[in-house]
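Written out below as structure tokens is the structure these notes cover.
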Amino acid sequence: MASLIIRNGRVMDPASGHDSTADVLILDGRIAAVGPNIEAPGSIEVQDATGQVVAPGFLDIHVHLREPGFEHAETIETGGKAAAAGGFTTVCCMPNTSPVNDNATVTSYIIERARQYSPVNVFPIGAITKGSAGEELASIGAMRRAGAVAISDDGRPVMNSQVMRRAMELARGWDIPVIDHCEDLNLSAGGDMHEGVTSVRRGLRGIPSASEDVMVARDLLLAEVTGARVHIAHLSTVNAAAMVAYAKANGLRVSAEVTPHHFVLADKDAAPYDSNYKMRPPLRARRDIRSVIDALVSGAIEVIATDHAPHAGSEKMQEFERCPFGITGLETAIALSLETLVHSGRISLMKMIGLFTTGPARVMGLPRGTLAVGAPGDVTLFDPDLHWTYDVNRTCSKSKNSPFHGRSFRGSQTATIVGGRVVWQFPAE
Amino acid sequence: MAGLLGIEDLSRDEIRSILDRARDFQQTPSQPVRKYELLRGKMIVNLFFESSTRTRTSFEIAAKRLGADAVSITASGSSVSKGESLVDTLNTLGAMRPNGIVMRHAASGAPHFLARHLAIPIINAGDGTHEHPTQALLDARTILDHRESLEGLRVAIIGDIAHSRVARSNMYLLSKFGAQVVLCGPPTLLPAEFAQLARGVTLTWDMHEAIEGADVIMMLRVQLERQNETPFPASEYFSFYGLRLEHISLAKPDVLVMHPGPINRGRELSSEVADSQRSVILNQVENGVAVRMAVLERMLN
């Protein structure tokens, strides 16, 4: 367990509201003190944070690390490095590996591999059903005991509402959230992009907003029946945002996340037939973007998550309709959020930090995302004004499927600290 | 112009010059077929991932009449193993160094994929449910063989609009020249978004309304059984959207009836209509070669 003192940064902690120039002392991997001019042992390593924001370590509760099974696209090590390079100290990984993380053995394997190879904390999310086939419930309790922090059949949503109801009841008993990728697979069948003028123009099958809305509505109704904590993954539509706000107003234990790409890009912005713009849910219309940003502003959505979904280059070198869904996102999340939400004046810097810290920590029930004394010594440093250009050829991920290659940003993560150890620094030119 | 991927991005001038040039290549029945040396020494690869005898043959004849060497590669898209087809094809083609590629593919955007990675002209011979630019050009050539201009013409396009690349390309072309385009089909095959794709486009579910006063009726090929769902009961398709002689009287007296072929008699149109004086379906086939000659000449020189 490492010790470190971070000097002279603008310390911002949404959990306490702290916002002033200060030092952060980490002793043996835990936050020991926050304040001006802290005295520290002479031998301690110093991280100069002058001109930078010092925030609690960022969490990304929706990533795909592809291990076990798809190591050609990503591993726990490379995904962990990409997370560190993106300013994240903790990630939660989805269970759609091979084999699927639907039992305690796979859960333990992921945790052990992460302990050995990942620079950041990794918390696995278990499957809802065996093989994520949507029929028989997975070993939820055993996975919970092994360290799974939530359940989800991300990407292969449970279509059978009775199965989902039972899963929610069990999850409530285990006090873990059910995360749902909301998509009615019949309504979206064969779809390659958002259903609208652009899909019709390009001759591509559409994925209607209704395919998401129908399932969000179902899940919220089941949340009411079961009392479960339900988290809506990558929310992308006007109606879904409105329904989540309504459910919250009615006291349901519901939360939601939005990805940076869904609040930055619309369907029209996608380069034609370029699979780096192909994901589920698809990039939606401008009005959907306005709506999800409004929901971030109002607090109806309390989490930004990337849905980092690496795919090997060869998988993306085929006909658009055959290309798999998903894009990488860990390394561009902070910059996109600063650009679209903070520099545009929609939300404060403090609020943005909360979307990456207190918000996700609360959803997952993790005692993280704060600089309180005694908390894990995870810290994210960023410079909201640093100008840089994203070069996907220098990514830490094994995959390069990002639509943001070549994009210039104002604002970047500058250092990532996990348990008092600096695991990534902005490269010196 | 580095290739021909679609009509949507073409200017009126580019279209007009192709159509004018195509007239030079039209054959007169009384004279022997004329051959040219315009593309001597050029190699054209016809890459057909979807079976299409007539379009492929038409491109082959066009290339040969221009003096080019034409090679046809036919691959069934489904038999090529997933994940390898297009990249491997790409690499193979790069090594063969053709001067141009004519591509037909069942996936929308497949020629665009090729164009992004190869620095030679790519001619789209129909991509999925997106565009079929040479079909629209030959249809325009056919109309202009019978009419002074496209401007102000009322053109009804009838059938499975949603999945039709022919409808999209024709709609773009006709709209650019000021025609009124009426798209007609059952609600499940006629997305409302079409009205926003081009100027002067209206939609109707009623075939009589579509044909009323029409100068041109374009029937589309309908393959309801190939869809993975049932957008319209095949049993009643002909009675609501099949073109029969009784419809013709609703149109202008000199109406042109067109079809991209191959026709399904008794499915999209009755035999009587197909064989009637108003049908210009065989003219379309003839013009296919002339228009493709004009396109190949322009793209490869």
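The values are calculated or read from the model by the stated rules, or taken from the named source; none is laboratory data. Bear in mind that the values here come from a model prediction, so they are computed numbers and not experimental data. With ideal geometry, Cβ positions are generated from the backbone for all residues, glycine too; neighbour counts draw on all protein chains shown. Remember, those area values only see protein heavy atoms, side chains included, never the ligands or the DNA or RNA. Shrake-Rupley method; radii C 1.70, N 1.55, O 1.52, S 1.80 Å.
Please state the shape class of segment B:146-279: rounded when a/c is under 1.5, otherwise prolate if a/b exceeds b/c and oblate if not, all from the C-alpha gyration tensor.
In terms of gyration-tensor shape, oblate.
Counting alpha carbon pairs within less than 8 Å and at least 6 residues apart, what relative contact order, in whole percent, applies to segment B:146-279?
25 percent
Round to the nearest 0.05 the FRET efficiency obtained for residue B:234 and residue A:385 when R0 = 60 Å and r is the Cβ-Cβ distance.
It comes to 0.45.
Is any residue of segment A:172-193 close enough, with backbone N under 20 Å, to a label point placed 7 angstrom from the Cα of residue A:161 along the Cα-Cβ axis, and if so, which?
A:172, A:178-189
Taking the Cβ-Cβ separation of residue A:115 and residue A:425 as r and a Förster radius of 25 Å, what is the calculated FRET efficiency to the nearest 0.05?
Here the calculated transfer efficiency is 0.65.
Please report the buried accessible area for the interface of A with B, total over both chains, probe 1.4 Å, in Å² to the nearest 100.
Its buried surface, counting both partners, is about 2000 Å².
How many angstrom separate the Cα center of segment A:267-316 from the Cα center of segment B:1-75?
Measuring centre to centre over Cα atoms gives 41 Å.
In terms of Cα to Cα distance under 29 Å, which lysines are near enough to residue B:176, apart from those fewer than 8 places away along the same chain?
Straight-distance partners of residue B:176: A:268, B:252.
Taking +1 at the Cβ of each Lys and Arg and -1 at the Cβ of each Asp and Glu, which of B:115, B:46, A:52 sits farthest along the dipole of the protein assembly as shown towards its positive end, judged by Cα position relative to the Cα centre?
Looking along the dipole axis, the top candidate is B:46.
May I ask you to list the GluC sites (Glu not before Pro) in segment B:189-293 that are in a DSSP loop and have at most 13 other Cβ atoms within 10 Å of their Cβ?
Of the GluC sites (Glu not before Pro), the ones in loops of segment B:189-293 whose Cβ has at most 13 other Cβ atoms within 10 Å are B:229.
How many Å² of accessible area per residue for chain A, probe 1.4 Å?
35 Å²
Along the Cα→Cβ direction, 7 angstrom out, place labels at residue A:346 and residue A:45. What is the inter-label distance in nm?
Modelled inter-label distance: 3.6 nm.
When only C-alpha pairs under 8 Å and at least 6 residues apart count, what is the relative contact order of segment B:235-301, in percent?
Across segment B:235-301, relative contact order equals 34 percent.
Distance in nm between label sites at residue A:297 and residue B:223, each 7 Å beyond Cα in the beta-carbon direction?
It is 4.9 nm.
Considering only protein heavy atoms and a 1.4 Å probe, what is the carbon-and-sulfur percentage of the accessible area of segment B:122-196?
Accessible surface attributable to carbon and sulfur in segment B:122-196 totals 47 percent.
Nearest 20 debye, what's the magnitude of the dipole of chain A about its Cα centre given +1 on Lys and Arg Cβ and -1 on Asp and Glu Cβ?
Once rounded to the nearest 20, the dipole reads 360 debye.
Run lengths n ≥ 4 of DSSP H only: what is the helix-derived mean residue ellipticity at 222 nm for the protein assembly as shown, with -39500 (n - 2.57) per run over all residues, to the nearest 500?
-9500 deg cm²/dmol, from helical runs alone.
By the gyration tensor of its Cα atoms, with a ≥ b ≥ c the square roots of the eigenvalues, what is the shape of segment A:57-364: rounded for a/c under 1.5, prolate for a/b over b/c, or oblate?
Rounded, because the longest to shortest axis ratio a/c is under 1.5.
Mind checking which of B:223, B:249, B:170 is farthest towards the positive end of segment B:146-279's charge dipole, using Cβ charges of +1 (Lys, Arg) and -1 (Asp, Glu) about the Cα centre?
B:170
What lysines does residue B:64 reach when the alpha-carbon gap must be under 21 Å and sequence neighbours fewer than 8 apart in one chain are set aside?
B:35, B:42
With each label point set 7 Å from Cα along the Cα-Cβ vector, what nm distance links residue B:9 and residue A:314?
Distance between label points: 3.0 nm.
Quick one: with all protein chains in place, what share of the accessible area of segment A:57-364 is carbon or sulfur, to the nearest percent (1.4 Å probe)?
Reported share for carbon and sulfur atoms: 51 percent.
Out of the DSSP beta bridges found with both residues in the protein assembly as shown, what percent are antiparallel (nearest 5)?
35 percent
Grab the beta carbon distance between residue A:408 and residue A:2, set R0 = 30 Å, and tell me the FRET efficiency rounded to 0.05.
Using R0 = 30 Å, I get an efficiency of 0.30.
Assign unit charges at the C-beta atoms only (+1 for Lys and Arg, -1 for Asp and Glu), then state the dipole size of the protein assembly as shown relative to its Cα centre in Debye, rounded to the nearest 20.
980 debye
With an 8 Å Cα cut-off and a minimum separation of 6 or more residues, compute the relative contact order for segment A:57-364 in percent.
So the answer I get is 17 percent.
For residue A:194, list long-range residues whose amide hydrogen, built 1.01 Å from N in the peptide plane, is under 5 Å from its own amide hydrogen.
Distant-sequence amide H within range of residue A:194: A:207, A:283.
Give, in nm to one decimal, the length gained when the segment between residue B:37 and residue B:145 is fully stretched (0.36 nm per residue of separation minus the Cα-Cα distance).
Residue separation times 0.36 nm, minus the Cα-Cα distance, leaves 36.3 nm.
Roughly speaking, what is the centre-to-centre gap between segment B:185-201 and segment A:3-25 when only Cα atoms are used, to the nearest Å?
Computed from Cα coordinates, the inter-centre distance equals 57 Å.
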